[in-house]
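Structure, as structure tokens:
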Amino acid sequence: MARASALSKALLAAGAIVALRLLSGETFVTPKQRNEADAYSQNDNPINPYSQFSDGSDTVYQAKNQPEMERRTKSLKAGLKRFEDTPGYIQTKQAQALKSNLQESNSLRQDLLYFSGAEGSP
């Protein structure tokens, strides 16, 4: 019985030592060089027209083009129309229709920001 008790104590002490060694090791390895820390430096290719970091002169995506403006305008008008229907749903206590109506207009914020520019811009 004494031998089993001593064995369990030895195993417990060995487990505690292993746990402490694992916890005392380095948990975060810092990069060796500055360029390894900059995640954007590996994508910086101004020549590639598909790169998100290109200078913008020869990019494939052109912001505020006509089809996108028409799509966003249509989506914005539909979202504003949904808000006009909201008081009727509130008065008739149609909670599910109100919830569905407001969930369908979830792109309204993105459309407003698209036309007005970034937050805080003139």
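The values are calculated or read from the model by the stated rules, or taken from the named source; none is laboratory data. The shown structure was predicted, so the numbers you read here are calculated from the model rather than taken from an experiment. Please note: Cβ atoms are built from the backbone with ideal geometry, for glycine as well, and neighbour counts cover all protein chains shown. Just so you know, the surface numbers come from the protein's heavy atoms only, side chains and all, with ligands and any DNA or RNA stripped out. Shrake-Rupley method; radii C 1.70, N 1.55, O 1.52, S 1.80 Å.
With the structure loaded, tell me whether SER5 is at pLDDT below 85, open to solvent by less than 60 Å² (accessible area, probe 1.4 Å) and not aromatic (Phe, Trp, Tyr) or whether it fails that test. When the stated conditions are applied, SER5 passes them.
Across the stretch 82-120, what is the number of residues that are part of a helix (DSSP H, G or I) and either among the β-branched types (Val, Ile, Thr) or farther than 30 Å from ASN65 by Cα (or both)? Step through it out loud before you land on a result.
Narrowing the stretch 82-120 to residues part of a helix (DSSP H, G or I): 82-91, 95-104, 108-116.
Okay, now just the ones that are also either among the β-branched types (Val, Ile, Thr) or farther than 30 Å from ASN65 by Cα (or both), so 85-91, 95-100.
The qualifying residues number 13.
Only residues that are over 31 Å from the mean Cα position of the chain (by Cα) and at pLDDT below 90: list them for the stretch 85-97, please.
ASP85 - this is the single residue of the stretch 85-97 that is over 31 Å from the mean Cα position of the chain (by Cα) and at pLDDT below 90.
The residue that is nearest to the chain's Cα centre (by Cα), among those in the stretch 62-84 that are farther than 26 Å from LEU98 by Cβ and exposed (fewer than 11 other Cβ atoms within 10 Å of the Cβ), is ALA63.
Determine, yes or no, whether LEU108 is in contact with a Ser or Thr (Cβ under 9 Å, 6 or more places away or on another chain) and at pLDDT 65 or above.
Details: in contact with a Ser or Thr (Cβ under 9 Å, 6 or more places away or on another chain): yes; at pLDDT 65 or above: yes.
It is true that LEU108 is in contact with a Ser or Thr (Cβ under 9 Å, 6 or more places away or on another chain) and at pLDDT 65 or above.
Among the residues making up the stretch 93-122, a single one is among the acidic types (Asp, Glu) and more than 19 Å from LEU80 (Cβ to Cβ): GLU119.
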